[in-house]
Amino acid sequence: MKGYGKDTILTIPDKGNESPETKNSKLYLFNNSQGDLIIQINELSHNRFKRVGNDLIYVQTITLQEALNAEPVIITTLDNRTLNIAIDQIITYYYFNEIYHLIFT
C-alpha cells in the first residue's frame with residue numbers, strides 16, 4: 001500500500017467521541033451517537049528526503065574521487081537504518097539509482 005498524499009482527509013465512521021468517559025456521559029446516552037473520526041494528513045518538510053508523488057527522493061553529492069573509486073553511498077533512512085548503496089556502474093553527472101520496495105517502519 002502506498003502512502004497518503006499531502007492534505008489527504010480520512011474519515012472513519014462512528015469512531016469519534018469513543019472513550020470510556022464519553023460512553024458514560026449523559027450526552028452519549030441521550031443521542032447514542034459517536035460521530036465520525038476525521039484525520040487530515042499534514043506533510044512536513046524533511047532535511048534529507050523530498051516527497052514527489054508516492055516516492056521519496058534523496059540527493060547525495062559525491063566527489064570525483066568517490067565516483068572513480070566506486071565508493072558506496074551511505075544513506076540514513078527515516079527510521080534510522082543505515083544503507084550502503086553500491087555504485088556498480090559508470091556514473092554521469094545526472095546518474096540516479098532507484099531502490100524499489102524499501103519499507104520504512
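The values are calculated or read from the model by the stated rules, or taken from the named source; none is laboratory data. Nothing here was measured: the structure is a model prediction, and the numbers come from that model. Using ideal geometry, Cβ is built from the backbone for each residue, glycine included, and neighbour counts are taken over all protein chains shown.
Can we say K6 is modelled with pLDDT under 75 and of a type outside the set (V, I, T)?
Numbers: modelled with pLDDT under 75: no; of a type outside the set (V, I, T): yes.
The answer is no for K6.
Out of Q65, Q60, which single residue is out of contact with any helix residue (DSSP H, G or I) (no Cβ under 6 Å at 6 or more places or on another chain), in a helix (DSSP H, G or I) and at pLDDT 80 or above? So that I can check it myself, show each step before the final result.
Numbers: Q60 fails: in a helix (DSSP H, G or I).
None of the others qualify; the one that does is Q65.
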Counting only residues that are under 20 Å from the mean Cα position of the chain (by Cα) and of a type in the set (S, T, N, Q), which one in segment 30-79 is surrounded by the fewest Cβ atoms within 10 Å (Cβ to Cβ)?
N47
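Which of the residues spanning segment 40-50 are within 30 Å of I12 (Cβ to Cβ) and without any contact (Cβ under 8 Å) to a residue 12 or more places away in the chain? Can you show your working first?
So the first thing to find is which residues in segment 40-50 are within 30 Å of I12 (Cβ to Cβ), and the list is 40-46, 49-50.
Result: L44, S45, K50.
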Here the residues within segment 78-105 that are in a loop (DSSP other than H, G, I, E, B), closer than 18 Å to R48 by Cβ and out of contact with any Leu (no Cβ under 6 Å at 6 or more places or on another chain) are L78, D79, N80, R81, F96, N97, E98, I99, L102, I103, T105
Options T92, T82; residue that is surrounded by fewer than 11 Cβ atoms within 10 Å (Cβ to Cβ), without any contact (Cβ under 8 Å) to a residue 40 or more places away in the chain and within 29 Å of K6 (Cα to Cα)
T82
Please identify the pairs in which a residue from segment 52-75 that is closer than 13 Å to F96 by Cβ has its Cβ atom under 6 Å from the Cβ atom of a residue that is of a type in the set (K, R), counting only partners at least 6 apart or on another chain.
I57/K50
